[in-house]
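I have placed the structure first, in the form of structure tokens, so that the comments after it can refer back to it.
The values are calculated or read from the model by the stated rules, or taken from the named source; none is laboratory data. Keep in mind that this is a model prediction, so the values were computed, not measured. Note: ideal-geometry Cβ built from the backbone for every residue, glycine included; neighbour counts use all protein chains shown. The accessibility values were calculated without ligands, DNA or RNA, using every heavy atom of the protein model including side chains. Shrake-Rupley method; radii C 1.70, N 1.55, O 1.52, S 1.80 Å.
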Amino acid sequence: MGQSTKKNLLIAAAYALVLITGMLLGPKFEKENSDLKNGAFLPFGMSSRHDKMGQLMQIIQNNYVDSVNLDTLQHKAIEGIIKQLDPHTIYLSPAEVRMLSEDLEGNFNGIGIEYYILNDTVLVTAVNNNGPAYEAGVLPGDQILKINNKSIAGTHVTGKMVVEQIRGPRGTSMMLSLKRGPQMKQVKVVRNKITISSIDAAYLLNKGTGYIKISRFGDQTDEDFLAALERLQNQGMKNLVLDLRQNGGGYLSSATALASQFLKEKSLIVYTQGLHEPRTDYFSTGKGQFEKGQLVVLIDENSASASEIIAGAVQDLDRGIIIGRRSFGKGLVQQQFNFGDGSALNLTIARYYTPSGRSIQKPYQNGAEAYYQEVAQRLKNGELSSDGNISDTLFNKQHTYLTRSGKVVYGGGGIMPDIYIPIDTSGLTNYYTSVSRKGIVNEFVFRHLINFNAKPSQPEVFLQNFTISKSQYDELVKLAAARNITSNGQQIQLSKKAIENDAKALLVRYYFGDEAFYKLLNNNDQAIARSLEVFK
């Protein structure tokens, strides 16, 4: 295997208590697939092999009573075979190959907008300054009804459909049909390169403590991190909180490069090994910019793969403290094999192991559905609201491993943090769960609370003065009822504070951006508070 592996994990964040983050930051179906990033792709095709599958397709084509789509049959056959393997071996269509590659690489050709699908209508929520849409005059609050005269409004519109139509070759143009208030407007937008940082936020929590939030491990993650790190160090940062919560992974090379920023030269970060793949060790380079400062890494049940590589190395080498909840448990490595039509097979070729030798891959023998639903089971069995003792019983105690200082750790089931932080369940009733899952808060905020023509002057003043009035909350309850969400008055009132916080966070992100959004969330974050205590 080459020195870099491209990954992209599909994680179903299936429990409701993390929906606030999923709602606000985008869908939390974290995706991770990988290929040999610096090595050659290995193209192959079924038609080049005279095996039973190829013969079967030929027989059907030449003899079947009706006309059939052989491509569809082949895809179904491939998917049937893949189901017998692990959950991370997946077949990707040409469009999925392209989109996932663009997302991880952090750049693509588009128009530079953020949007939310509200009641089957694409609502522009943000426009990148100096991007193509900005230059064409697209504004937040615009509703996109058509793209190139093709309607994208209706019950079947999806984010994938929108992305496929908005992205395209650089320099090509598209016509947007917009609804701005009562007015209809047509705008021509020319696609251009759009670059997205994998750093969501970077700021000082206090005079000497920095905070950096990373959403994925893409092409530019190490460079983006270094830029943020140097800026915070220039402001006096001595200690660092690295937030990898909700980070589903990305490139292995980006994960090892980031780990090198914290570790001394020639420290083993991770190694990979499989039946047909000899052991490959990945060591730190010794050029780290944060080898000595105090370090805390935050993880949760949706931190996976590349995130777990970082957490595992930091824990095994006693470089820092891991705080949060048990990670997802994805310890498999994929390589991408391309078919001739642009589709691809992401095949698991190896497992990865932390420096102490443990594999953190959780069991998948019961099938993909049970595998991904395991995260939801942690909510049902009480693990997420416990002190972590429940999850501790899930590890195989017959195989123990030692960190550099001699602390006992276990393999399987993800990374168990050094300090366990349960989720805050106050106000999180069944009513809140239903309202969150169906996007009622989002719809209410965008329809009734956001002023698209003006924004508050300062986030601090806005946060101090913002409340949802009784009449506004009654409107939200009516909206939920119209979507068949009802409950008793007690649950509705118990959920009011949590719903108000969600609405406030959405508004802050819309008006002031991601950094202000994370500052708001982190003000009452138990993991952040515990990190500051550790540094003291």
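Miscellaneous remarks
- The single condition from (1) assigned to a helix (DSSP H, G or I); (2) within 25 Å of ASN522 (Cα to Cα); (3) open to solvent by 30 Å² or more (accessible area, probe 1.4 Å) that PHE444 fails is (3).
- Scanning region 481-500 for residues that are open to solvent by less than 70 Å² (accessible area, probe 1.4 Å), in contact (Cβ under 8 Å) with a residue 60 or more places away in the chain and under 28 Å from the mean Cα position of the chain (by Cα) gives SER495, LYS496, ALA498, ILE499.
- Options LYS470, LYS438, LYS455; residue that is among the charged types (D, E, K, R) and free of Cβ contacts under 8 Å to residues at least 24 places away in the same chain: LYS470
- Where strands (runs of 3 or more DSSP E) sit wholly within region 285-393, those with at least 2 residues that are touching a residue at least 12 places away in the same chain (Cβ under 8 Å) and among the β-branched types (Val, Ile, Thr) occupy 295-299, 321-324, 344-353.
- Comparison of ASP341, ASP316, ASP281 shows that the only residue that is among the charged types (D, E, K, R) and open to solvent by less than 30 Å² (accessible area, probe 1.4 Å) is ASP316.
- Of all residues in region 444-457, those being farther than 17 Å from LYS496 by Cα and within 29 Å of the chain's Cα centre (by Cα) number 6.
- Residue in region 234-254 that is among the basic types (Lys, Arg), under 24 Å from ASN522 (Cβ atoms) and under 17 Å from the mean Cα position of the chain (by Cα) present: yes
- Matching residues, region 433-476, being under 23 Å from ILE117 (Cβ atoms) and charged (D, E, K, R): ARG437, LYS438, GLU443, ARG447, LYS455, GLU475
- Single condition THR195 does not satisfy, out of (1) under 23 Å from VAL127 (Cβ atoms); (2) open to solvent by less than 50 Å² (accessible area, probe 1.4 Å); (3) out of contact with any helix residue (DSSP H, G or I) (no Cβ under 6 Å at 6 or more places or on another chain): (2)
- Any hit, region 436-443, residues being among the polar types (S, T, N, Q), within 19 Å of LEU123 (Cβ to Cβ) and modelled with pLDDT of 85 or more: yes
- Of the residues making up region 160-191, those that are among the small types (Gly, Ala, Ser) and either in contact with a Lys or Arg (Cβ under 8 Å, 6 or more places away or on another chain) or open to solvent by 60 Å² or more (accessible area, probe 1.4 Å) (or both) are GLY168, GLY171, SER173, SER177.
- Flag if ALA350 is under 25 Å from the mean Cα position of the chain (by Cα) and buried (at least 23 other Cβ atoms within 10 Å of the Cβ): no
- Number of positions in region 94-124 that are free of Cβ contacts under 8 Å to residues at least 60 places away in the same chain and in contact with a Gly (Cβ under 6 Å, 6 or more places away or on another chain): 1
- Here GLY413 passes the criteria (1) on the phi < 0 side of the Ramachandran plot; (2) under 25 Å from the mean Cα position of the chain (by Cα) except the one numbered (1).
- Residues that are modelled with pLDDT under 85 and out of contact with any Phe, Trp or Tyr (no Cβ under 8 Å at 6 or more places or on another chain), drawn from region 444-457: ARG447, ASN451, PHE452, ASN453, ALA454, SER457
- Selected residue (criterion: most open to solvent (accessible area, probe 1.4 Å)) from residues of region 228-277 that are free of Cβ contacts under 8 Å to residues at least 24 places away in the same chain and at negative phi: LEU275
- Per-region count, region 186-202, residues in a strand (DSSP E or B) and in contact with a Gly (Cβ under 8 Å, 6 or more places away or on another chain): 6
- Looking only at region 377-403, residues that are open to solvent by 10 Å² or more (accessible area, probe 1.4 Å), at pLDDT below 90 and of a type outside the set (S, T, N, Q) come to 10 in all.
- Qualifying positions in region 203-233 - of a type in the set (A, V, I, L, M) and either touching a Lys or Arg at 6+ places or on another chain (Cβ under 6 Å) or not in a strand (DSSP E or B) (or both): LEU226, ALA227, ALA228, LEU229, LEU232
- Within the option set ASN488, ASN524, being closer than 30 Å to LEU240 by Cα and of a type outside the set (D, E, K, R) holds for one residue only, ASN524.
- When restricted to residues that are in a helix (DSSP H, G or I) and more than 31 Å from the chain's Cα centre (by Cα), region 463-480 contains 7.
- LEU332 being farther than 20 Å from LEU226 by Cβ, open to solvent by 10 Å² or more (accessible area, probe 1.4 Å) and among the hydrophobic types (A, V, I, L, M, F, W, C): no
- Single unsatisfied condition, GLY406 versus (1) modelled with pLDDT of 90 or more; (2) assigned to a loop (DSSP other than H, G, I, E, B); (3) under 27 Å from the mean Cα position of the chain (by Cα): (3)
- So ILE499, is it β-branched (Val, Ile, Thr) and part of a helix (DSSP H, G or I): yes
- Of the helices (runs of 4 or more DSSP H) lying entirely inside region 46-159, those carrying at least 2 residues that are open to solvent by less than 60 Å² (accessible area, probe 1.4 Å), at pLDDT 90 or above and of a type in the set (A, V, I, L, M, F, W, C) are 132-136.
- Failed criterion for GLU460 (all others in (1) modelled with pLDDT under 85; (2) closer than 30 Å to ILE321 by Cβ; (3) assigned to a helix (DSSP H, G or I); (4) open to solvent by 70 Å² or more (accessible area, probe 1.4 Å) hold): (2)
- Residues that are crowded, with 20+ Cβ neighbours inside 10 Å and outside any loop (DSSP other than H, G, I, E, B), drawn from region 421-439: TYR431, TYR432, VAL435, SER436
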